[in-house]
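Derivation of every value follows stated rules applied to the coordinates shown; laboratory data play no part. Quick caveat, the model's predicted, so the values are computed rather than measured. Because the Cβ atoms are built from the backbone with ideal geometry, glycine has one as well, and the counts that use them run over all protein chains shown.
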Amino acid sequence: MHRTTFLVLGFVNVAIGIVGAILPLLPSTIFFIFAAGCFARSSPKLEEKILNHPTVGPSVVAWREHGIISKKAKAFAVGGMTLGFGLFLWRVHPELWLALVVAASLIGCAAYVMSRPSSLQTAPENG
């Protein structure tokens with residue numbers, strides 16, 4: 001049951017990651033990172049497929065080994081959050097308290113993304 005659950009979650013995350021690669025506001029890499037983690041607990045072969053994939057593999061490995069988020073990925077992430085928040089304000093017209101809660105959440109997420117190293121040179125040493 002445990003292994004099957006992680007296998008299903010891995011496939012769900014891969015599917016969302018593929019959709020995220022197509023849709024501009026949905027991230028993709030984070031879902032491939034989640035999928036690799038799920039496959040590590042259910043199917044090492046599928047985990048290896050993600051880690052060795054020419055497009056998503058390098059980002060997943062960089063995150064897993066050093067917590068690295070590239071400058072390009074940071075720009076897309078923060079830009080997507082900003083655009084998403086703008087669309088939220090424009091289409092939903094939320095109450096002030098809700099807009100502030102969503103803004104605070106997105107600012108927290110953006111701060112975390114920006115605080116991660118962008119390259120191996122800026123990553124803290126492991127050990």
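For segment 41-96, which positions are farther than 20 Å from Gly10 by Cβ and among the β-branched types (Val, Ile, Thr)? Don't jump to the end; show me each part of the working.
Within segment 41-96, the subset farther than 20 Å from Gly10 by Cβ is 66-96.
Correct list: Ile68, Ile69, Val78, Thr82, Val92.
Going through Val102, Val78 one at a time, which residue ends up being in contact with a helix residue (DSSP H, G or I) (Cβ under 7 Å, 6 or more places away or on another chain), among the aliphatic types (A, V, I, L, M) and under 21 Å from Ala21 (Cβ atoms)? Can you show your working first?
Numbers: Val102 fails: under 21 Å from Ala21 (Cβ atoms).
Within the list Val102, Val78, the selection yields Val78.
Within segment 57-64, is there a residue that is among the β-branched types (Val, Ile, Thr) and closer than 23 Å to Ser119 by Cα?
Taking segment 57-64 as the starting set, the residues that turn out to be among the β-branched types (Val, Ile, Thr) are 60-61.
Checking which are closer than 23 Å to Ser119 by Cα leaves us with 60-61.
Checking segment 57-64: at least one residue is among the β-branched types (Val, Ile, Thr) and closer than 23 Å to Ser119 by Cα.
Give the residues of segment 1-33 that are touching a Phe, Trp or Tyr at 6+ places or on another chain (Cβ under 8 Å) and β-branched (Val, Ile, Thr), sorted by residue number.
Of everything in segment 1-33, those that are touching a Phe, Trp or Tyr at 6+ places or on another chain (Cβ under 8 Å) and β-branched (Val, Ile, Thr) turn out to be Val14, Ile16, Thr29, Ile33.
Only residues that are in contact with a Ser or Thr (Cβ under 8 Å, 6 or more places away or on another chain) and either hydroxyl-bearing (Ser, Thr, Tyr) or more than 22 Å from Ser119 (Cβ to Cβ) (or both): list them for segment 65-91, please.
So the first thing to find is which residues in segment 65-91 are in contact with a Ser or Thr (Cβ under 8 Å, 6 or more places away or on another chain), and the list is 68-71, 73-74.
Within segment 65-91, just Ser70 meets the criteria.
Only residues in segment 102-120 that are under 13 Å from Lys72 (Cβ atoms) count as the first member; pair them with residues that are surrounded by 15 or more Cβ atoms within 10 Å (Cβ to Cβ) and among the hydroxyl-bearing types (Ser, Thr, Tyr), Cβ under 7 angstrom, at least 6 apart or cross-chain, and list the lot.
As it stands, the answer is Ser118/Ser70, since those pairs meet every condition given.
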